[in-house]
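Student: The following block contains the structure, expressed as structure tokens.
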Amino acid sequence: MSAEHPALEPWQWPEETWRKIVGRARAGRSLKPAAWPNGARCAVAISFDADHETIPLRDNDESPMRISQGHYGARQAMPRILKLLARESIPASFFYPAVAALLHPDEVRAVAGDGHEIGIHSWIHEVNTALPREAERELTLRSRDTLAKISGQEPVGIRTASWDFSVNTLDIVREMNLLYDSSLMADDDPYELLDQGEPTGIVELPPEWIRDDAVYFNMLRFSGLRPYTPPSAVEEIFTAEFDGAWEESGMFLLTMHPHITGHRSRLPLLERLIAHMKAKGGCWFATHAQIAAWCKR
Ligand SMILES: [Zn+2]
């Protein structure tokens, strides 16, 4: 049932209904720039959603085992990831649920101190589309303030948890005057978000499940969802996505999670991917905020 027309089935909707639904947060003009900084061939936006313990917390799941899996992200994965990025001199964007940041404030300060970006990623990984508008707004504002206080860095971008951008999210992002969102998927390259046809000035840096580690590696114990794809296969997909971005002089945006990719068998795939990108050459490795600012110029 639609929020627009609760009494009608989609096949009964008048034209204005489906036009209004698709008009929310719609892709406007492409913001793929004519050139990247210093004549780079493509932009590489590496990001980590540092969810840590918030996934079971969000699910009202007090299982110490599942919370320990999230804790692994902070305890083992983050030091490995920060070491790799420092060795390769690559800046990245880290999106934190505010609760994960409150649980690991020293980590957040270390990430910011290394020159990486801190971005908004919900309060406790809540599902925005299940929230009343006012609750989503209040949690998003509180998350921004919490991250700013801990990191000393004012967040300018948001990635909704699970990319769960609700029918109210764009209004909240506009009210907060954020530079960009990274949750919607209408393009490979940056674009401007339209609000019912009206240009908003907000940059969308589109992610995709294809370029997300979770879909290949996550496992649900009591469901059929047990992919555990070999890292070599994931590397093949990510590499092909990067090669396509390089060919088209576009953006390659990758989303990973410390507790998923930070394992001994998996982080080397990122290392090999970075080696491939550097060997190919002409990559502008930048934070999401840097890329959004360049595209908006
Ligand atoms: Zn997340």
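The values are calculated or read from the model by the stated rules, or taken from the named source; none is laboratory data. Since this is a predicted model, take the numbers as computed values, not measurements. No Cβ is skipped: glycine too gets one built from the backbone with ideal geometry, and neighbour counts run over all protein chains shown. The accessibility values were calculated without ligands, DNA or RNA, using every heavy atom of the protein model including side chains. Shrake-Rupley method; radii C 1.70, N 1.55, O 1.52, S 1.80 Å.
Student: Please specify each residue of segment 73-94 satisfying the condition of being buried (at least 18 other Cβ atoms within 10 Å of the Cβ), in a helix (DSSP H, G or I) and either within 16 Å of the ligand (Cβ to nearest atom) or free of Cβ contacts under 8 Å to residues at least 12 places away in the same chain (or both).
Tutor: Gly73, Ala74, Ala77, Met78, Ile81
Student: Moving on to the next point. So Ala34 ticks every box in (1) within 26 Å of Ile120 (Cα to Cα); (2) assigned to a loop (DSSP other than H, G, I, E, B); (3) not polar (S, T, N, Q) but one. Which box is left unticked?
Tutor: (1)
Each row is one residue, and each column tells you yes or no for (1) more than 22 Å from His52 (Cβ to Cβ); (2) out of contact with any Gly (no Cβ under 8 Å at 6 or more places or on another chain).
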residue	(1), (2)
Tyr96	no, no
Trp123	no, yes
Asp145	no, yes
Pro155	no, no
Val173	yes, yes
Ala186	yes, yes
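Student: Quick check on my filter: what residues within segment 41-55 are touching a Ser or Thr at 6+ places or on another chain (Cβ under 9 Å) and open to solvent by 10 Å² or more (accessible area, probe 1.4 Å)?
Tutor: Arg41, Glu53
Student: So which residues in segment 95-116 are surrounded by fewer than 17 Cβ atoms within 10 Å (Cβ to Cβ) and either over 23 Å from Ser182 (Cα atoms) or more than 16 Å from the ligand (Cβ to nearest atom) (or both), if there are any at all?
Tutor: Step one: filter segment 95-116 for residues surrounded by fewer than 17 Cβ atoms within 10 Å (Cβ to Cβ), giving 102, 105-106, 109-110, 113-115.
Matches in segment 95-116: Pro105, Asp106, Arg109, Ala110, Gly113, Asp114, Gly115.
Student: Any idea which of (1) part of a loop (DSSP other than H, G, I, E, B); (2) within 16 Å of the ligand (Cβ to nearest atom); (3) open to solvent by 60 Å² or more (accessible area, probe 1.4 Å) is the one Thr129 doesn't satisfy?
Tutor: The failed condition is (1).
Student: So which residues in segment 264-297 are out of contact with any helix residue (DSSP H, G or I) (no Cβ under 7 Å at 6 or more places or on another chain) and part of a loop (DSSP other than H, G, I, E, B)?
Tutor: Arg264, Gly281, Gly282, Ala286, Thr287, Arg297
Student: Residues being within 15 Å of the ligand (Cβ to nearest atom) and either more than 21 Å from His116 (Cβ to Cβ) or assigned to a helix (DSSP H, G or I) (or both): count how many of those fall in segment 43-60.
Tutor: Initial filter on segment 43-60 (within 15 Å of the ligand (Cβ to nearest atom)): 47-59.
Pick out the ones that are also either more than 21 Å from His116 (Cβ to Cβ) or assigned to a helix (DSSP H, G or I) (or both) and you get 54-59.
Final tally of qualifying residues: 6.
Student: Ok, one more. For residues that are without any contact (Cβ under 8 Å) to a residue 12 or more places away in the chain and either in a helix (DSSP H, G or I) or in contact with an Asp or Glu (Cβ under 6 Å, 6 or more places away or on another chain) (or both), tally how many sit in segment 149-169. Step through it out loud before you land on a result.
Tutor: Going through segment 149-169, the residues without any contact (Cβ under 8 Å) to a residue 12 or more places away in the chain turn out to be 149, 154.
Now drop any that are not either in a helix (DSSP H, G or I) or in contact with an Asp or Glu (Cβ under 6 Å, 6 or more places away or on another chain) (or both), which leaves 149.
Qualifying residue count, segment 149-169: 1.
Student: Looking at segment 136-148, I want the residues that are in a helix (DSSP H, G or I) and have a partner that is at pLDDT below 95 with Cβ atoms under 6 Å, at least 6 apart or on another chain. Which pairs are those?
Tutor: Final answer for the pair search is none.
Student: Scan segment 104-119 and tell me whether some residue there is of a type in the set (A, V, I, L, M, F, W, C), outside any helix (DSSP H, G or I) and within 29 Å of Arg272 (Cα to Cα).
Tutor: As a first pass, look at segment 104-119 and keep what is of a type in the set (A, V, I, L, M, F, W, C): 108, 110-112, 118.
After this cut, where a residue has to be outside any helix (DSSP H, G or I) as well, the list is 118.
So of that shortlist, the ones also within 29 Å of Arg272 (Cα to Cα) come out as 118.
Yes; the residues of segment 104-119 include at least one that is of a type in the set (A, V, I, L, M, F, W, C), outside any helix (DSSP H, G or I) and within 29 Å of Arg272 (Cα to Cα).
Student: Examine segment 198-211 for a residue that is more than 30 Å from Trp18 (Cβ to Cβ) and at pLDDT 95 or above, and state whether such a residue exists.
Tutor: Keep residues of segment 198-211 that are more than 30 Å from Trp18 (Cβ to Cβ), which gives none.
No, there is no match, as no residue in segment 198-211 is more than 30 Å from Trp18 (Cβ to Cβ) and at pLDDT 95 or above.
Student: Just to be sure I understand, how many residues within segment 166-206 are aromatic (Phe, Trp, Tyr) and under 15 Å from Gly119 (Cα atoms)? Spell out the reasoning first.
Tutor: In the first step, residues of segment 166-206 are kept if they are aromatic (Phe, Trp, Tyr); the result is 180, 191.
Adding the requirement that they be under 15 Å from Gly119 (Cα atoms) leaves 180.
Within segment 166-206, residues that are aromatic (Phe, Trp, Tyr) and under 15 Å from Gly119 (Cα atoms) number 1.
Student: Something else: Could we say that Trp18 is under 30 Å from Gln196 (Cβ atoms) and open to solvent by 70 Å² or more (accessible area, probe 1.4 Å) here?
Tutor: Working: under 30 Å from Gln196 (Cβ atoms): yes; open to solvent by 70 Å² or more (accessible area, probe 1.4 Å): yes.
So Trp18 fits the description; yes.
Student: In segment 214-236, how many residues are exposed (fewer than 14 other Cβ atoms within 10 Å of the Cβ) and in a helix (DSSP H, G or I)?
Tutor: 3
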